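A short worksheet on the structure shown next.
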Amino acid sequence: QVQLVESGGGLVQAGGSLRLSCAASGRTFTIYVMGWFRQAPGKEREFVAATRWSGGNPYYSDSVKGRFTISRDIAKNTVYLQMNSLKPEDTAVYYCGARPGRAGVILSSPAGYDSWGQGTQVTVSS
């Protein structure tokens with residue numbers, strides 16, 4: 001299995017920036033996609049961004065496109081989420097997830113991810 005630990009969350013004013021980190025350990029050679037999801041109180045877990053471990057164009061939800069950037073450092077087994085122009089509606093617990101190559105399950109579905117971090121709280125005030 002893969003172990004994931006998120007960090008970097010906190011309280012920020014609207015328009016500000018945060019960078020989240022997710023460090024992976026364990027069977028990292030099995031990782032095909034790393035993704036970020038978020039969950040607000042009373043809401044379902046929502047896809048935010050994902051990247052193939054091997055590179056290529058990343059994927060973003062429409063709500064964060066142009067504001068958030070996902071990147072990864074394979075040597076450090078770490079994926080990042082740079083969040084700019086934050087809005088109050090971005091407030092949520094942010095989770096990173098890892099999944100192997102898998103046909104039949106879209107990458108925006110939480111069901112396709114085998115490993116999850118504990119989450120890090122992001123709060124954006126107005």
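The values are calculated or read from the model by the stated rules, or taken from the named source; none is laboratory data. Note that this is a predicted model, so its numbers are computed, not measured. Here the Cβ is made from the backbone with ideal geometry for all residues, glycine too, and neighbour counts use every protein chain on show. Only protein heavy atoms, including side chains, enter the accessible area calculation; ligands, DNA and RNA are left aside. Shrake-Rupley method; radii C 1.70, N 1.55, O 1.52, S 1.80 Å.
Report in % the part of the accessible area of the chain that belongs to carbon and sulfur, leaving out ligands and nucleic acids; probe 1.4 Å.
Numbers: 3150 of 6370 Å².
Carbon and sulfur atoms account for 49 percent of the accessible area of the chain.
Projecting the Cα positions of Ser109, Tyr32, Gly66 onto the charge dipole of the chain (unit charges on Cβ atoms of Lys, Arg, Asp and Glu, taken about the Cα centre) puts Tyr32 furthest along the positive direction. In the context of the full set of protein chains, residues of the chain present 51 Å² of accessible surface per residue (probe radius 1.4 Å, heavy atoms only). Going by accessible surface with a 1.4 Å probe and the largest first, Trp36, Trp53 read Trp53, Trp36.
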